[in-house]
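**Q** Supplied in structure tokens, the structure appears directly below.
We did not get these values from a lab; they are worked out from the coordinates using the rules stated. The structure presented is a predicted model; accordingly, all values stated were derived computationally and were not measured. Don't worry about glycine lacking a Cβ; one is built from the backbone with ideal geometry, like all the others, and counts go over all protein chains shown.
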Amino acid sequence: MIDDIKKRALHRTRILEGQLRGLEKMIENEDYCVDILTLSLSIQKSLGSLNKLIVENHLRTHVTAMFDAGGDEREAAIGELLSIFELQARSAAADAAVVTGEPTAAE
């Protein structure tokens with residue numbers, strides 16, 4: 001992992017750890033629902049920032065090497081990226097369904 005990205009990713013995970021502990025306390029204390037949701041949404045945003053760092057590292061290291069190798073490795077890199085894109089799209093659709101109350105594909 002690229003040193004700078006690793007440092008930032010570890011920092012982000014430590015922030016997330018604190019946020020999750022805070023969320024747990026809020027639930028245990030039966031805090032106001034909107035306050036709990038606000039923190040939960042902040043955690044989701046923090047996870048998005050962490051994911052962005054991991055993707056950046058993957059692109060700058062593994063994907064670059066796989067594209068340079070060409071052939072099957074290049075195709076494998078493209079497949080990985082498409083899979084991640086698909087997972088993210090499904091996650092966003094599930095989040096939207098929760099907000100609108102629509103059933104998800106799993107229901």
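**Q** I'm checking my understanding of the structure. Among residues of segment 19-63 that are assigned to a helix (DSSP H, G or I) and hydroxyl-bearing (Ser, Thr, Tyr), which one is nearest to residue 73 (Cα to Cα)? Give the steps one after another, and end with the answer.
**A** Kept after step one, since they are assigned to a helix (DSSP H, G or I), are these residues of segment 19-63: 19-28, 33-63.
Those left that are additionally hydroxyl-bearing (Ser, Thr, Tyr): 38, 40, 42, 46, 49, 61.
Details: 38: 42, 40: 38, 42: 37, 46: 31, 49: 27, 61: 13 Å.
The qualifying residue nearest to residue 73 (Cα to Cα) is 61.
**Q** For residue 35, all conditions in the list (1) closer than 30 Å to residue 82 by Cβ; (2) surrounded by 10 or more Cβ atoms within 10 Å (Cβ to Cβ) hold save one; what is the number of the exception?
**A** (1)
**Q** Touching a residue at least 12 places away in the same chain (Cβ under 8 Å) and under 21 Å from residue 95 (Cβ atoms): does that describe residue 37?
**A** no
**Q** Any residue in segment 52-67 that's closer than 14 Å to residue 10 by Cα: show its pairings with residues that are surrounded by 13 or more Cβ atoms within 10 Å (Cβ to Cβ) and among the aliphatic types (A, V, I, L, M) at Cβ separation under 7 Å, as long as the two are six or more apart or on different chains.
**A** Pairs that qualify, where the first residue is closer than 14 Å to residue 10 by Cα and the partner is surrounded by 13 or more Cβ atoms within 10 Å (Cβ to Cβ) and among the aliphatic types (A, V, I, L, M), are 53/5; 53/9; 54/9; 57/1; 57/2; 57/5.
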